[in-house]
Amino acid sequence: MVAMWTVKVVSLGVVALSLSLELLFWLFSRRRSERITNKVLFFPSEVACVEHIFSPTLPHSHVCSLPHGVDTSFSRLLRYILSACSSLDLCLFSFSNMDLSRAVLLLHSRGVTIRVLTDKVYSAISGSQIGVLRKAGICVRCDVSAVHMHHKFAVVDGRTLITGSLNWTLTAVQSNMENIIITEEPDLVQPFVKEFCRLWGLNDSAQYLSSLTD
């Protein structure tokens, strides 16, 4: 009789432990999902003043003909880019948007490590900001292959991925149907980190020229 009760008590204890572990796992998974950023932005974006994003202390009433205090897809994109504290890796087909260029230059002035990988043809078109970034001392590499470097993604601090159809141009932001996904999901971020590093090494012009003479 005592043995039967002992078995029942042990069985109930095992069930209770199992349920407790399942509850803890569920709570941990829920808290983790709440902490991880997963956002979707759609374009074209409403045109609004973004000066307060670059200068938070600037009063919204400053002289500007554009609407003030409007939260847009573009303003959110700028905030995610400007959230970089240590590094920003950009892999872009076309980069001519002056506000996005301004954001990158501001990060550079803060000491953020920036690497830019872009298409060699589109880096030379009229209005491209690539020359501006280079002149500021930002490390830029152009694709050395015969095909277009058509990627459009950024990695912020090695942990936040910004990717989608959006070229970093004024037309794409204000006139095109475009999309961007912003995520901190490691399973999505890390393949892009790995691919950027692969392409960065592959498009080292010094190594490329050396390989041609071997």
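At 0.36 nm per residue, minus the direct Cα-Cα distance, what do Asn176 and Ser126 gain on full extension? Give it in nm, one decimal, please.
16.0 nm
Quick one: of the DSSP bridges fully inside the stretch 36-212, what percent are antiparallel, nearest 5?
Given both bridge residues lie in the stretch 36-212, the antiparallel proportion sits at roughly 65 percent.
Quick one: Cα centre-to-centre distance for the stretch 44-110 and the stretch 140-194, in angstrom?
First find each Cα centre; the distance between them is then 16 Å.
What is the spin-label model distance, in nm, from Asn38 to Arg198 if the labels are put 7 Å beyond Cα along the C-beta direction?
In this crude spin-label approximation the distance works out to 2.5 nm.
Could you calculate the FRET efficiency of Lys135 with Met98 from 1/(1 + (r/R0)^6), where r is the beta carbon distance between them and R0 is 22 Å, rounded to 0.05?
0.95
With the cut-off at 1.5 for a/c, could you classify the stretch 79-212 from its C-alpha gyration tensor as rounded, prolate or oblate?
The shape class here is rounded.
Taken together, the values in this text are just the output of simple stated rules run on the coordinates, not laboratory data. Since the structure is predicted, the reported quantities are computational estimates derived from the model, not experimental observations. Here the Cβ is made from the backbone with ideal geometry for all residues, glycine too, and neighbour counts use every protein chain on show.
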